[in-house]
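Asker: Okay, here's the structure, questions in a sec.
The values are calculated or read from the model by the stated rules, or taken from the named source; none is laboratory data. None of the values given here were measured: they were computed from a predicted structure. Cβ placement follows ideal geometry from the backbone for every residue including glycine, while neighbour counts extend to all protein chains displayed.
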Ligand SMILES: *Cc1c(COP(=O)(O)O)cnc(C)c1O
Ligand SMILES: [Zn+2]
């Protein structure tokens, strides 16, 4: 049975039954059209059937703009895991931080949803040759799905796309056209080429299928969150997060994700809309900058200044006012991060929670760190970050020289002995290195916090680390080990940090050892006075980041 749905113009509201893809309103000529479904019967079907359906994005079939299921081109896209931030959540003092792991798609980015639906629609429409302009990931994903569907693809890429990504595109048999200009210029060149050759061109956010595909991110998040946290009282087992965070280029993702949540809301599956956090690269942030300047229309960026080519869209067009209105009406945030902040977030994400991702995805993480720091995102709020893609073409400059160990078998044994992984190995190696080693005592009764502090130290260098889980044992340890540095928690059984500090500061051999206090407690003015002049620095758990802590440690050891 063919699916019935409508297409509605966002400007004049003209509504027609969907027959085949259309790009402009036949009444007013506007090019922002939306698929529009009869939601009530679909909600009923979903309540009855969804739980027993197969787990990929096509389980949401009724709300996807394809008429016949025979035309589906699929490689198991969607159904990516929703991962809780274990260590990072602990470190940031944020319990409800989740990552939607879109790296786990068939070509390793959330563009796979878009490709699966858009290429299915091309197949249904009988298109056999198509053109796409891309900053990399759309081209890779469309190439894979076009190969499966037997569609010839022309990919127009800006010359700043990493060569590894370009080669990946070419591997699928796509014709790669490298344009030595910005992404916005590349789009124009591609459109001219397509019109000259009479070929179909994918119009990104103005392609209904592309936009609709992104809804499945919202559907999955709500289903998965409901599973881990329970629903909001709807009784249906779904749940909306308080925040959806994404790094943004053209903004197709947030536009589609928003529409997905809105449909869920209208169907009664969720009882609120999330706030959107739009994160852009500081060197190409037309939306964020225009938003902060209070502009109703975007001021375009003609010369993007970012190494993160994936997100270098300088002219967001109608997407900007659309997202701006959402943020103004529903709350939310638009924020920039620098390339360096994104690269640092890449390291933090990989080291802390085992997630390696490409810089474009790490931008969203850097954005979360920033918004948490600014308290725009509140500690109790449920946050879902789209980890939008994977770093298979690790850019060389990120790692510098010598990031790989090239060794023979004999050297490998020595290397293994130096490896910080097993505790004994680390100690042996540190003892061997002796004079250069910095000795650190950690006194902390919360095992998770202690583990984190240790991880941070280990990730950064050759520290000799001693740990005690209460004040009394800590004092013994200090006497015994004569550390170069003490990391001290305040609230501990037996002997608290305040008292310990007083003892240490009275002893001649110890009074010059720097102490960094790490505490979960909000200090009273009186307590602050007690610490004043006695500690090297004071770190509030939940607000310190790896880099802050490390800077303090390095500073203290100078
Ligand atoms: C496309 C892409 C983005 C930007 O998404 P938009 O919604 O198109 O702005 C971010 N990260 C990765 C990895 C991408 O491939
Ligand atoms: Zn219209």
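Asker: On the given criteria, is residue 309 touching a residue at least 60 places away in the same chain (Cβ under 8 Å) and crowded, with 24+ Cβ neighbours inside 10 Å?
Answerer: Taking the combined requirement at face value, the residue satisfies it.
Asker: A further question on this structure: Sort through 211, 192, 187 and tell me the only one that's part of a helix (DSSP H, G or I) and surrounded by fewer than 21 Cβ atoms within 10 Å (Cβ to Cβ).
Answerer: 192
Asker: Also, I was wondering about something else. Out of 291, 269, 261, 322, report the one residue that is within 16 Å of ligand 2 (Cβ to nearest atom) and modelled with pLDDT of 95 or more.
Answerer: Going through 291, 269, 261, 322 in turn, just one is within 16 Å of ligand 2 (Cβ to nearest atom) and modelled with pLDDT of 95 or more: 322.
Per-residue answers, yes or no, for (1) assigned by TED's automatic domain parsing to the domain that holds residue 340; (2) part of a loop (DSSP other than H, G, I, E, B); (3) under 30 Å from residue 156 (Cβ atoms); (4) more than 16 Å from ligand 1 (Cβ to nearest atom):
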site: 226; (1), (2), (3), (4): yes, no, no, yes
site: 246; (1), (2), (3), (4): yes, no, yes, no
site: 253; (1), (2), (3), (4): yes, no, yes, no
site: 271; (1), (2), (3), (4): yes, yes, no, yes
site: 287; (1), (2), (3), (4): yes, no, yes, no
site: 296; (1), (2), (3), (4): yes, yes, no, yes
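Asker: Follow-up question, since we're still on this one. Only residues that are in contact (Cβ under 8 Å) with a residue 40 or more places away in the chain, within 39 Å of the chain's Cα centre (by Cα) and surrounded by fewer than 20 Cβ atoms within 10 Å (Cβ to Cβ): list them for the stretch 470-490, please.
Answerer: 484
Asker: Within the stretch 90-141, can you find the residues that are outside any loop (DSSP other than H, G, I, E, B), over 24 Å from residue 357 (Cα atoms) and more than 16 Å from ligand 1 (Cβ to nearest atom)?
Answerer: If the condition is that a residue be outside any loop (DSSP other than H, G, I, E, B), over 24 Å from residue 357 (Cα atoms) and more than 16 Å from ligand 1 (Cβ to nearest atom), then 119, 120, 121, 122, 123, 124, 125, 129, 130, 131 are the ones that fit.
Asker: Please determine, by comparing only the residues of the stretch 2-22 that are more than 10 Å from ligand 2 (Cβ to nearest atom) and surrounded by fewer than 13 Cβ atoms within 10 Å (Cβ to Cβ), which one is nearest to residue 42 (Cα to Cα).
Answerer: Residue satisfying both the conditions and the ranking: 4.
Asker: May I pose another question? Residue under question is residue 165, and the condition is that it be assigned by TED's automatic domain parsing to the domain that holds residue 252 and either within 29 Å of the chain's Cα centre (by Cα) or without any contact (Cβ under 8 Å) to a residue 60 or more places away in the chain (or both); does it hold?
Answerer: No, not satisfied.
Asker: So residue 36 passes all but one of these: (1) away from ligand 2 (no atom under 16 Å from the Cβ); (2) at pLDDT 95 or above; (3) closer than 21 Å to residue 218 by Cα. Which condition number does it fail?
Answerer: (1)
Asker: Taking the stated definitions as given, is residue 43 in a helix (DSSP H, G or I), more than 16 Å from ligand 1 (Cβ to nearest atom), surrounded by 15 or more Cβ atoms within 10 Å (Cβ to Cβ) and touching a residue at least 24 places away in the same chain (Cβ under 8 Å)?
Answerer: So residue 43 passes the test.
Asker: Kindly list, by first and then second residue, each pair from a residue in the stretch 1-23 that is touching a residue at least 24 places away in the same chain (Cβ under 8 Å) and over 14 Å from residue 121 (Cα atoms) to a residue that is part of a loop (DSSP other than H, G, I, E, B) and more than 10 Å from ligand 2 (Cβ to nearest atom), limited to pairs with Cβ atoms under 7 Å and residues at least 6 apart or on different chains.
Answerer: 5/18; 5/37; 5/65; 6/18; 7/18; 7/22
Asker: Given (1) crowded, with 21+ Cβ neighbours inside 10 Å; (2) closer than 22 Å to residue 316 by Cα, where does residue 174 come up short, assuming only one miss?
Answerer: (2)
Asker: What residue, among those in the stretch 1-30 that are part of a loop (DSSP other than H, G, I, E, B) and under 17 Å from residue 259 (Cα atoms), is farthest from ligand 1 (Cβ to nearest atom)?
Answerer: Taking the candidates together, the pick is 13.
Asker: Residues being over 15 Å from residue 212 (Cα atoms) and in contact (Cβ under 8 Å) with a residue 60 or more places away in the chain: count how many of those fall in the stretch 51-80.
Answerer: Here the count works out to 5.
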